[in-house]
Ligand SMILES: C[S@@+](CC[C@H](N)C(=O)[O-])C[C@H]1O[C@@H](n2cnc3c(N)ncnc32)[C@H](O)[C@@H]1O
(Lines give C-alpha, C1' and ligand atoms only; values in the text may rest on other atoms or scores of the structure.)
Protein backbone atom coordinates (compact mmCIF):
# COMPACT_ATOMS: atom_id res chain seq x y z
CA UNK A 1 0.00 0.00 0.00
CA UNK A 2 1.12 3.59 -0.53
CA UNK A 3 -0.06 7.05 0.28
CA UNK A 4 -0.44 8.88 -3.03
CA UNK A 5 0.00 12.33 -1.56
CA UNK A 6 3.13 11.65 0.45
CA UNK A 7 4.54 9.12 -1.96
CA UNK A 8 2.80 8.97 -5.35
CA UNK A 9 3.79 5.95 -7.43
CA UNK A 10 5.83 6.57 -10.53
CA UNK A 11 4.68 5.72 -14.04
CA UNK A 12 7.75 4.39 -15.86
CA UNK A 13 7.81 4.98 -19.64
CA UNK A 14 7.62 1.24 -20.32
CA UNK A 15 4.38 0.97 -18.31
CA UNK A 16 2.98 4.15 -19.89
CA UNK A 17 3.57 2.58 -23.30
CA UNK A 18 1.53 -0.43 -22.12
CA UNK A 19 -1.37 1.94 -21.36
CA UNK A 20 -0.91 3.70 -24.71
CA UNK A 21 -1.18 0.37 -26.56
CA UNK A 22 -4.19 -0.84 -24.61
CA UNK A 23 -6.12 2.42 -24.96
CA UNK A 24 -5.38 2.64 -28.68
CA UNK A 25 -6.32 -0.99 -29.29
CA UNK A 26 -9.58 -0.66 -27.36
CA UNK A 27 -10.84 2.78 -28.32
CA UNK A 28 -8.68 4.15 -31.16
CA UNK A 29 -7.57 6.89 -28.78
CA UNK A 30 -3.93 7.91 -29.11
CA UNK A 31 -2.43 9.23 -25.88
CA UNK A 32 0.74 11.08 -26.85
CA UNK A 33 3.78 11.23 -24.52
CA UNK A 34 2.63 14.63 -23.21
CA UNK A 35 -0.47 12.92 -21.74
CA UNK A 36 1.47 10.95 -19.14
CA UNK A 37 0.74 13.41 -16.34
CA UNK A 38 -2.94 13.47 -17.34
CA UNK A 39 -3.15 9.68 -17.19
CA UNK A 40 -1.47 9.65 -13.75
CA UNK A 41 -3.80 12.35 -12.49
CA UNK A 42 -6.93 10.63 -13.76
CA UNK A 43 -5.99 7.17 -12.44
CA UNK A 44 -4.44 7.91 -9.02
CA UNK A 45 -7.75 7.96 -7.20
CA UNK A 46 -8.84 4.65 -8.73
CA UNK A 47 -5.55 2.98 -7.81
CA UNK A 48 -6.04 4.18 -4.26
CA UNK A 49 -9.63 2.89 -4.12
CA UNK A 50 -8.49 -0.53 -5.30
CA UNK A 51 -5.38 -0.59 -3.11
CA UNK A 52 -3.24 -1.07 -6.24
CA UNK A 53 0.43 -0.55 -5.36
CA UNK A 54 1.63 0.56 -8.79
CA UNK A 55 0.50 1.66 -12.26
CA UNK A 56 1.95 -1.57 -13.52
CA UNK A 57 -0.31 -3.62 -11.20
CA UNK A 58 -3.35 -1.64 -12.37
CA UNK A 59 -2.39 -2.21 -16.00
CA UNK A 60 -2.34 -5.96 -15.35
CA UNK A 61 -5.77 -5.69 -13.77
CA UNK A 62 -7.34 -3.78 -16.68
CA UNK A 63 -5.83 -6.22 -19.18
CA UNK A 64 -7.80 -8.98 -17.41
CA UNK A 65 -10.99 -7.23 -16.39
CA UNK A 66 -13.33 -5.78 -19.00
CA UNK A 67 -15.39 -3.69 -16.57
CA UNK A 68 -12.21 -2.10 -15.22
CA UNK A 69 -11.07 -1.40 -18.80
CA UNK A 70 -14.28 0.56 -19.34
CA UNK A 71 -13.55 2.59 -16.20
CA UNK A 72 -10.07 3.35 -17.49
CA UNK A 73 -11.38 4.55 -20.87
CA UNK A 74 -14.00 6.59 -19.12
CA UNK A 75 -11.37 8.23 -16.92
CA UNK A 76 -9.23 9.39 -19.83
CA UNK A 77 -12.05 10.78 -22.02
CA UNK A 78 -13.35 14.31 -21.81
CA UNK A 79 -17.13 14.41 -21.76
CA UNK A 80 -17.54 18.17 -22.03
CA UNK A 81 -20.62 19.16 -24.01
CA UNK A 82 -23.33 21.83 -24.15
CA UNK A 83 -26.79 22.44 -25.58
CA UNK A 84 -26.56 24.28 -28.93
CA UNK A 85 -22.78 23.83 -28.92
CA UNK A 86 -21.41 25.16 -32.20
CA UNK A 87 -24.69 26.92 -33.01
CA UNK A 88 -23.80 27.36 -36.68
CA UNK A 89 -24.65 23.71 -37.24
CA UNK A 90 -28.16 24.21 -35.91
CA UNK A 91 -28.58 27.46 -37.86
CA UNK A 92 -27.64 25.51 -40.98
CA UNK A 93 -30.41 23.01 -40.19
CA UNK A 94 -32.96 25.75 -39.43
CA UNK A 95 -32.13 27.91 -42.43
CA UNK A 96 -30.99 25.54 -45.17
CA UNK A 97 -32.04 21.97 -44.56
CA UNK A 98 -35.37 21.90 -42.75
CA UNK A 99 -37.19 24.45 -44.97
CA UNK A 100 -36.17 22.37 -47.99
CA UNK A 101 -37.28 19.09 -46.43
CA UNK A 102 -40.60 20.66 -45.45
CA UNK A 103 -41.16 22.08 -48.91
CA UNK A 104 -40.35 18.72 -50.49
CA UNK A 105 -42.42 16.90 -47.90
CA UNK A 106 -39.58 14.51 -47.17
CA UNK A 107 -35.96 14.29 -46.03
CA UNK A 108 -34.62 13.18 -49.38
CA UNK A 109 -35.70 9.60 -48.78
CA UNK A 110 -39.31 9.96 -49.97
CA UNK A 111 -40.94 9.71 -46.53
CA UNK A 112 -41.63 12.13 -43.72
CA UNK A 113 -39.12 10.48 -41.47
CA UNK A 114 -35.79 11.84 -40.26
CA UNK A 115 -33.13 9.66 -38.67
CA UNK A 116 -30.24 11.18 -36.71
CA UNK A 117 -27.13 9.66 -35.15
CA UNK A 118 -25.26 11.50 -32.41
CA UNK A 119 -22.01 9.48 -32.26
CA UNK A 120 -19.95 10.25 -29.12
CA UNK A 121 -23.01 11.85 -27.52
CA UNK A 122 -21.64 12.24 -23.98
CA UNK A 123 -24.52 13.24 -21.64
CA UNK A 124 -26.99 13.79 -24.48
CA UNK A 125 -27.07 17.57 -25.00
CA UNK A 126 -26.24 17.25 -28.71
CA UNK A 127 -29.01 14.68 -29.26
CA UNK A 128 -31.58 16.75 -27.37
CA UNK A 129 -30.59 19.97 -29.12
CA UNK A 130 -31.19 18.23 -32.45
CA UNK A 131 -34.46 16.79 -31.14
CA UNK A 132 -35.71 20.29 -30.24
CA UNK A 133 -34.71 21.82 -33.57
CA UNK A 134 -36.23 19.02 -35.63
CA UNK A 135 -39.45 18.72 -33.64
CA UNK A 136 -40.14 22.47 -33.79
CA UNK A 137 -39.68 22.59 -37.57
CA UNK A 138 -41.02 19.16 -38.46
CA UNK A 139 -44.17 18.82 -36.34
CA UNK A 140 -45.74 15.46 -35.54
CA UNK A 141 -49.14 16.90 -36.61
CA UNK A 142 -47.80 17.10 -40.16
CA UNK A 143 -46.83 13.45 -39.99
CA UNK A 144 -43.09 13.90 -39.43
CA UNK A 145 -41.41 11.05 -37.60
CA UNK A 146 -38.07 11.67 -35.88
CA UNK A 147 -35.70 9.03 -34.57
CA UNK A 148 -32.44 9.95 -32.84
CA UNK A 149 -29.88 7.33 -31.89
CA UNK A 150 -27.26 8.63 -29.43
CA UNK A 151 -24.20 6.47 -28.77
CA UNK A 152 -21.07 6.67 -26.66
CA UNK A 153 -18.20 4.49 -25.51
CA UNK A 154 -18.84 5.19 -21.85
CA UNK A 155 -21.57 3.23 -20.07
CA UNK A 156 -21.36 5.55 -17.05
CA UNK A 157 -21.98 8.63 -19.16
CA UNK A 158 -24.88 6.92 -20.95
CA UNK A 159 -26.54 6.20 -17.61
CA UNK A 160 -26.44 9.91 -16.87
CA UNK A 161 -27.69 10.77 -20.36
CA UNK A 162 -30.71 8.46 -19.98
CA UNK A 163 -31.87 10.42 -16.94
CA UNK A 164 -32.35 13.48 -19.21
CA UNK A 165 -31.83 15.62 -16.14
CA UNK A 166 -29.63 18.70 -15.93
CA UNK A 167 -29.00 21.56 -13.55
CA UNK A 168 -31.47 24.38 -14.27
CA UNK A 169 -28.52 26.74 -14.93
CA UNK A 170 -28.00 24.87 -18.18
CA UNK A 171 -31.27 26.42 -19.42
CA UNK A 172 -29.16 29.49 -20.36
CA UNK A 173 -27.67 27.50 -23.23
CA UNK A 174 -31.09 26.98 -24.85
CA UNK A 175 -32.89 29.69 -26.89
CA UNK A 176 -36.15 30.69 -25.19
CA UNK A 177 -38.48 29.38 -27.88
CA UNK A 178 -37.01 25.88 -27.54
CA UNK A 179 -36.82 26.02 -23.77
CA UNK A 180 -40.50 26.95 -23.47
CA UNK A 181 -41.62 24.34 -25.93
CA UNK A 182 -39.68 21.34 -24.71
CA UNK A 183 -38.05 21.59 -21.27
CA UNK A 184 -39.54 21.20 -17.79
CA UNK A 185 -38.40 23.01 -14.65
CA UNK A 186 -38.25 20.86 -11.51
CA UNK A 187 -40.27 21.73 -8.42
CA UNK A 188 -40.25 20.32 -4.87
CA UNK A 189 -37.63 17.59 -4.60
CA UNK A 190 -36.58 18.36 -8.21
CA UNK A 191 -35.99 22.07 -7.47
CA UNK A 192 -32.94 23.36 -9.35
CA UNK A 193 -33.22 20.69 -12.04
CA UNK A 194 -34.30 20.77 -15.67
CA UNK A 195 -35.70 17.74 -17.47
CA UNK A 196 -36.47 17.03 -21.12
CA UNK A 197 -40.24 16.90 -21.62
CA UNK A 198 -41.95 13.62 -22.55
CA UNK A 199 -42.32 14.55 -26.22
CA UNK A 200 -38.55 14.93 -26.57
CA UNK A 201 -37.70 11.88 -24.54
CA UNK A 202 -39.57 9.58 -26.91
CA UNK A 203 -37.40 10.80 -29.81
CA UNK A 204 -33.99 9.87 -28.39
CA UNK A 205 -32.62 6.37 -27.77
CA UNK A 206 -29.22 5.79 -26.12
CA UNK A 207 -26.98 2.86 -26.91
CA UNK A 208 -23.35 1.93 -26.21
CA UNK A 209 -21.18 1.90 -29.31
CA UNK A 210 -17.41 1.98 -29.60
CA UNK A 211 -16.45 3.81 -32.80
CA UNK A 212 -13.24 1.78 -32.86
CA UNK A 213 -15.09 -1.56 -33.24
CA UNK A 214 -14.43 -3.58 -36.40
CA UNK A 215 -18.15 -3.77 -37.12
CA UNK A 216 -20.95 -1.49 -36.01
CA UNK A 217 -24.37 -2.90 -35.13
CA UNK A 218 -26.92 -2.64 -37.91
CA UNK A 219 -28.25 0.85 -37.21
CA UNK A 220 -29.48 1.59 -40.74
CA UNK A 221 -28.98 4.88 -42.60
CA UNK A 222 -29.15 8.36 -41.12
CA UNK A 223 -30.08 11.73 -42.63
CA UNK A 224 -27.97 13.64 -40.11
CA UNK A 225 -24.84 12.32 -38.48
CA UNK A 226 -23.10 14.23 -35.71
CA UNK A 227 -19.61 13.11 -34.76
CA UNK A 228 -18.31 16.24 -33.08
CA UNK A 229 -15.32 16.55 -30.77
CA UNK A 230 -14.83 12.77 -30.66
CA UNK A 231 -12.09 12.31 -33.23
CA UNK A 232 -9.91 14.77 -31.30
CA UNK A 233 -8.64 11.72 -29.42
CA UNK A 234 -7.97 9.59 -32.47
CA UNK A 235 -4.88 9.44 -34.68
CA UNK A 236 -5.15 9.58 -38.50
CA UNK A 237 -5.35 5.78 -38.86
CA UNK A 238 -8.08 5.18 -36.28
CA UNK A 239 -9.96 8.26 -37.52
CA UNK A 240 -9.90 7.03 -41.11
CA UNK A 241 -11.15 3.56 -40.10
CA UNK A 242 -13.98 4.90 -37.92
CA UNK A 243 -14.99 7.50 -40.51
CA UNK A 244 -15.25 4.86 -43.21
CA UNK A 245 -17.60 2.76 -41.10
CA UNK A 246 -19.64 5.82 -40.10
CA UNK A 247 -20.11 6.81 -43.73
CA UNK A 248 -21.72 3.44 -44.52
CA UNK A 249 -24.56 4.75 -42.33
CA UNK A 250 -25.00 8.17 -43.92
CA UNK A 251 -27.80 8.48 -46.46
CA UNK A 252 -26.76 9.81 -49.92
CA UNK A 253 -28.56 13.15 -49.30
CA UNK A 254 -27.52 13.30 -45.65
CA UNK A 255 -25.12 15.58 -43.75
CA UNK A 256 -22.17 14.85 -41.47
CA UNK A 257 -21.20 17.41 -38.82
CA UNK A 258 -17.80 17.41 -37.12
CA UNK A 259 -16.40 19.70 -34.42
CA UNK A 260 -15.22 23.19 -35.32
CA UNK A 261 -11.59 22.42 -34.57
CA UNK A 262 -11.69 19.25 -36.67
CA UNK A 263 -11.05 18.67 -40.34
CA UNK A 264 -11.51 15.55 -42.42
CA UNK A 265 -9.14 16.82 -45.12
CA UNK A 266 -7.22 13.95 -46.72
CA UNK A 267 -9.03 11.25 -44.73
CA UNK A 268 -11.69 10.21 -47.23
CA UNK A 269 -12.74 10.59 -50.85
CA UNK A 270 -16.36 9.83 -49.97
CA UNK A 271 -17.39 13.32 -48.80
CA UNK A 272 -17.63 16.80 -50.17
CA UNK A 273 -17.59 19.93 -48.08
CA UNK A 274 -20.83 21.90 -47.86
CA UNK A 275 -19.52 24.51 -45.42
CA UNK A 276 -16.69 24.40 -42.92
CA UNK A 277 -17.20 21.22 -40.76
CA UNK A 278 -20.38 20.18 -42.64
CA UNK A 279 -20.09 17.42 -45.24
CA UNK A 280 -22.36 15.44 -47.59
CA UNK A 281 -21.63 12.23 -49.50
CA UNK A 282 -19.98 12.80 -52.87
CA UNK A 283 -16.66 13.07 -54.53
CA UNK A 284 -14.42 15.77 -53.07
CA UNK A 285 -13.57 16.65 -56.71
C1 LIG B 1 -16.03 15.84 -25.77
S2 LIG B 1 -17.35 14.70 -25.83
C3 LIG B 1 -18.28 15.33 -27.21
C4 LIG B 1 -19.78 15.35 -26.97
C5 LIG B 1 -20.59 15.96 -28.12
N6 LIG B 1 -20.42 15.23 -29.34
C7 LIG B 1 -20.24 17.42 -28.32
O8 LIG B 1 -19.57 17.76 -29.29
O9 LIG B 1 -20.62 18.23 -27.47
C10 LIG B 1 -16.55 13.27 -26.56
C11 LIG B 1 -17.26 11.94 -26.31
O12 LIG B 1 -16.69 10.97 -27.20
C13 LIG B 1 -16.72 9.73 -26.52
N14 LIG B 1 -15.75 8.80 -27.17
C15 LIG B 1 -14.40 8.83 -27.12
N16 LIG B 1 -13.89 7.78 -27.79
C17 LIG B 1 -14.94 7.08 -28.28
C18 LIG B 1 -15.05 5.88 -29.04
N19 LIG B 1 -13.98 5.16 -29.41
N20 LIG B 1 -16.31 5.44 -29.36
C21 LIG B 1 -17.40 6.14 -28.96
N22 LIG B 1 -17.35 7.28 -28.24
C23 LIG B 1 -16.14 7.74 -27.89
C24 LIG B 1 -16.36 10.08 -25.08
O25 LIG B 1 -16.79 9.08 -24.17
C26 LIG B 1 -17.07 11.42 -24.90
O27 LIG B 1 -18.31 11.28 -24.25
Restricting the stretch 39-81 to residues that are more than 16 Å from the ligand (Cβ to nearest atom) and assigned to a loop (DSSP other than H, G, I, E, B), the one nearest to residue 152 (Cα to Cα) turns out to be 65
task = Kindly indicate whether any position in the stretch 245-255 is within 14 Å of the ligand (Cβ to nearest atom) and without any contact (Cβ under 8 Å) to a residue 24 or more places away in the chain.
result = no
Item to complete: For residue 115, state whether it is outside any helix (DSSP H, G or I), farther than 18 Å from residue 274 by Cα and more than 10 Å from the ligand (Cβ to nearest atom).
Response: yes
Screening 163, 145, 95 for residues that are under 29 Å from residue 45 (Cα atoms) and at pLDDT 95 or above leaves only 163
Checked against (1) at pLDDT 95 or above; (2) at negative phi; (3) touching a helix residue (DSSP H, G or I) at 6+ places or on another chain (Cβ under 8 Å), residue 84 satisfies every condition except (2)
Of (1) buried (at least 16 other Cβ atoms within 10 Å of the Cβ); (2) touching a strand residue (DSSP E or B) at 6+ places or on another chain (Cβ under 6 Å), residue 234 fails just (2)
Taking the stretch 128-150 and keeping only residues that are within 16 Å of the ligand (Cβ to nearest atom) and touching a helix residue (DSSP H, G or I) at 6+ places or on another chain (Cβ under 8 Å), one is left with 128, 129, 130, 131, 132, 133, 148, 150
For the stretch 134-157, pairs from a residue that is at positive phi to a residue that is surrounded by fewer than 19 Cβ atoms within 10 Å (Cβ to Cβ), with Cβ under 8 Å and 6 or more apart or across chains, are 143/112
| message | Quick check on residue 107: is it crowded, with 22+ Cβ neighbours inside 10 Å and either under 21 Å from residue 209 (Cα atoms) or within 15 Å of the ligand (Cβ to nearest atom) (or both)? | response | no
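The values are calculated or read from the model by the stated rules, or taken from the named source; none is laboratory data. Remember, it's a predicted structure, so these values are computed and weren't measured experimentally. All Cβ positions, glycine included, derive from the backbone under ideal geometry; neighbour counts span all protein chains shown.
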